[in-house]
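The values are calculated or read from the model by the stated rules, or taken from the named source; none is laboratory data. Keep in mind that what you see is a predicted model, and the values were worked out from it rather than measured. Every residue, glycine among them, receives a Cβ derived from its backbone with ideal geometry; neighbour counts consider all protein chains shown.
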Amino acid sequence: MLLITTSVGATRAFGAKVASIARPGELYALEGELGTGKTEFVRGFVNEIDAAVVVRSPSFSIVNIYDTARFPVYHFDFYRLHDASELDEIGFDEYLTGDGVCLIEWGTIFPSVLPPHTRPIIFRDRGPHEREIRFNFDLTGTGS
Amino acid sequence: MITLGIESSCDETSIALLDNETILVNTIYSQTEHRDFGGVVPEVASRAHLEKIDRLAQSCFTRTGIAPGKVDLIAVTDSPGLAGALLVGISFALGFHTAWNIPITGINHLEGHICSILFENTDVAFPFLALVVSGGHTSLYRVDSLDEFNCLGETVDDAAGEAFDKVGKLLGFPYPAGRFIEEEAARFSGDISQCPSFPVARCSQGKLYFSFSGLKTAVKYFVSGKNPSEVARQRPALCRAFQQAVIDSLVANARLAARQNGIDRIALVGGVACNSYLREALHRQFPDTAFTPHTSLCTDNAAMIALAGFRRYQRDKLRRPIMNASRTL
């Protein structure tokens, strides 16, 4: 499916929509260049579940964990990683089998570490305010 | 009194030895120092720490001629940071503690950064403000004592150092990009008013938050669509304007925090505190009451951890390192 957003608010609203159908154990791999709205998507997603949580970029910390009322959200950023083996050492597998939802920025740079049920979301730039967002799961929550 | 400091909370592995508050040796193994040696990339992996920590410690003892058994206190960063990375430092420290029966204390990484100003300003009066600016942090703290510091405000998206690194990537600089952007900005000789103008996130209703994500995106759009030679020609002005936008935001919040708290003493710490324009701007805003560590003590290092440990020893506040390291920075 293709979605065009024309504001940061619309990208967040898409995140909120995905949050409303998300279930523990799911993994969303976010792909897109710098400044295409990956973190804004996560902000919309997390704040839909818990408005009080402050979503920050995990580029430096690699993973931020938000303990929301519904399930924990594991907000990863692979931006600084160079090698899939680095993920072994931060215990990435443990998050996959966990009780929460993984949202992974730059999530498709190591395809080999992603489980088969991964849902990719691709962000593309169409100018200063316009973003093209591609995904292939069902937003109504009745299955993908 | 000899204190052994150990820091491994993120990218840097560092070991230091202090004699009271004098640094005898402060070794840091980081990607920055080793870039010139070909292909050593930043590694977040705990194995990277594990491979270096022994050699660093050995070199500290060899260079100072101090025998390991002569250490009087061990201070190790135990939070916050990446769990695996922290555990390397903590395990090493606990092993050393057990083998030589030397007292040990855990240190909060932030407490260490705050202590970094005390090497050159040993008796800064409390309370003071601390502006912590690095790749992972952009926060303002009120420091009432070394046992009590409270966050007044922090970034709501990207850290300032992260903004430097990401804008650096857009402009073609290596990681970490802070030093390159500063050097490029210094090549701009014109008036700042001739530079491109970038938005600076302003606080609303007296709130002390920072935001740098929009600034990053603004630089991206300034660059996009321009041909590479045009970008290269404008790069000094771009770097100057970007850097100034970050500094304006940091200084504006520092000024606001000072007014709200009635405190004019302020410490600038963390990796971005190396930036000479930022240091100057803060000193201009707080003449005589802005405190900055030596540039060699801004990025993560074990000397500041050792000093925080020594100060804990003096206050009789040693505490066992916490092993269940928090999972985020």
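Yes/no matrix, rows are residues, columns are (1) modelled with pLDDT of 95 or more; (2) among the hydroxyl-bearing types (Ser, Thr, Tyr); (3) not assigned by TED's automatic domain parsing to the domain that holds B:Thr155:
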position	(1), (2), (3)
B:His97	yes, no, yes
B:Ile107	yes, no, yes
B:Phe128	yes, no, no
B:Leu131	yes, no, no
B:Ser134	no, yes, no
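Sub-6 Å Cβ pairs linking a first residue in the stretch B:114-133 that is touching a residue at least 12 places away in the same chain (Cβ under 8 Å) to a second residue that is in a loop (DSSP other than H, G, I, E, B) and surrounded by 13 or more Cβ atoms within 10 Å (Cβ to Cβ), at least 6 apart or interchain, are B:Ser116/B:Pro293; B:Ile117/B:Pro293; B:Pro127/B:Ile263; B:Phe128/B:Arg265; B:Leu129/B:Ile263; B:Val132/B:Gly270; B:Val133/B:Gly270, ordered by first then second residue. Restricting attention to the stretch B:42-95, report how many residues are within 16 Å of B:Ile107 (Cβ to Cβ), away from every other protein chain (no Cβ under 14 Å) and among the hydroxyl-bearing types (Ser, Thr, Tyr). So the count comes out to 2.
Each residue in the stretch A:25-39 was checked for being among the hydrophobic types (A, V, I, L, M, F, W, C) and at the interface with chain B (Cβ under 9 Å from one of its Cβ atoms), and 1 of them qualify. Of the numbered criteria (1) buried (at least 17 other Cβ atoms within 10 Å of the Cβ); (2) part of a loop (DSSP other than H, G, I, E, B), the one B:Arg319 fails is (1).
Given A:Val63, A:Val46, A:Val53, A:Val42, which one is within 10 Å of chain B (Cβ to nearest Cβ), aliphatic (A, V, I, L, M) and touching a strand residue (DSSP E or B) at 6+ places or on another chain (Cβ under 6 Å)?
On the way: A:Val46 fails: within 10 Å of chain B (Cβ to nearest Cβ); A:Val53 fails: within 10 Å of chain B (Cβ to nearest Cβ); A:Val42 fails: within 10 Å of chain B (Cβ to nearest Cβ).
The match here is A:Val63.
The strands (runs of 3 or more DSSP E) found entirely in the stretch A:27-144 that carry 2 or more residues being in contact (Cβ under 8 Å) with a residue 40 or more places away in the chain are A:27-31, A:101-105, A:119-125, A:131-135.
Look at (1) more than 14 Å from every other protein chain (Cβ to nearest Cβ); (2) in a helix (DSSP H, G or I); (3) closer than 26 Å to B:Phe180 by Cα; (4) aliphatic (A, V, I, L, M) and you find that B:Val272 fails only one, number (1).
State whether one or more residues within the stretch B:227-245 are closer than 22 Å to B:Glu111 by Cα and buried (at least 17 other Cβ atoms within 10 Å of the Cβ). No - not one qualifying residue is present in the stretch B:227-245. Restrict the check to the stretch A:126-133 and report whether at least one residue is among the acidic types (Asp, Glu) and surrounded by fewer than 18 Cβ atoms within 10 Å (Cβ to Cβ). Among the residues of the stretch A:126-133, at least one is among the acidic types (Asp, Glu) and surrounded by fewer than 18 Cβ atoms within 10 Å (Cβ to Cβ), which makes the answer yes. Only one of the numbered conditions (1) hydrophobic (A, V, I, L, M, F, W, C); (2) within 14 Å of chain A (Cβ to nearest Cβ); (3) in contact (Cβ under 8 Å) with a residue 60 or more places away in the chain is violated by B:Leu170, and that is (3).
Look at the stretch B:153-165 and say how many of its residues are facing another protein chain (nearest Cβ under 9 Å), under 12 Å from B:Gly214 (Cα atoms) and in contact with a Leu (Cβ under 9 Å, 6 or more places away or on another chain). Number satisfying all stated conditions: 1.
Would you mind stating whether B:Ser193 is part of a helix (DSSP H, G or I), within 30 Å of B:Ile114 (Cβ to Cβ) and of a type in the set (S, T, N, Q)? Considered against the rule, which asks whether it is part of a helix (DSSP H, G or I), within 30 Å of B:Ile114 (Cβ to Cβ) and of a type in the set (S, T, N, Q), B:Ser193 comes out as no. Taking the stretch B:119-134 as the range and being within 14 Å of another protein chain (Cβ to nearest Cβ) and in contact with a strand residue (DSSP E or B) (Cβ under 8 Å, 6 or more places away or on another chain) as the test, the residues that pass are B:Val132, B:Val133. Evaluate the stretch B:135-152: report whether one residue or more is within 13 Å of chain A (Cβ to nearest Cβ), surrounded by fewer than 18 Cβ atoms within 10 Å (Cβ to Cβ), closer than 30 Å to B:Phe310 by Cα and touching a strand residue (DSSP E or B) at 6+ places or on another chain (Cβ under 9 Å). Yes, the conditions are met somewhere in the stretch B:135-152. Determine whether B:Val200 is away from chain A (no Cβ under 14 Å) and of a type outside the set (D, E, K, R). So B:Val200 passes the test. Within the stretch B:283-305, the residues that satisfy the criterion of being within 16 Å of the chain's Cα centre (by Cα) and not in a loop (DSSP other than H, G, I, E, B) are B:Phe291, B:Thr295, B:Ser296, B:Leu297, B:Ala302, B:Ala303, B:Met304, B:Ile305.
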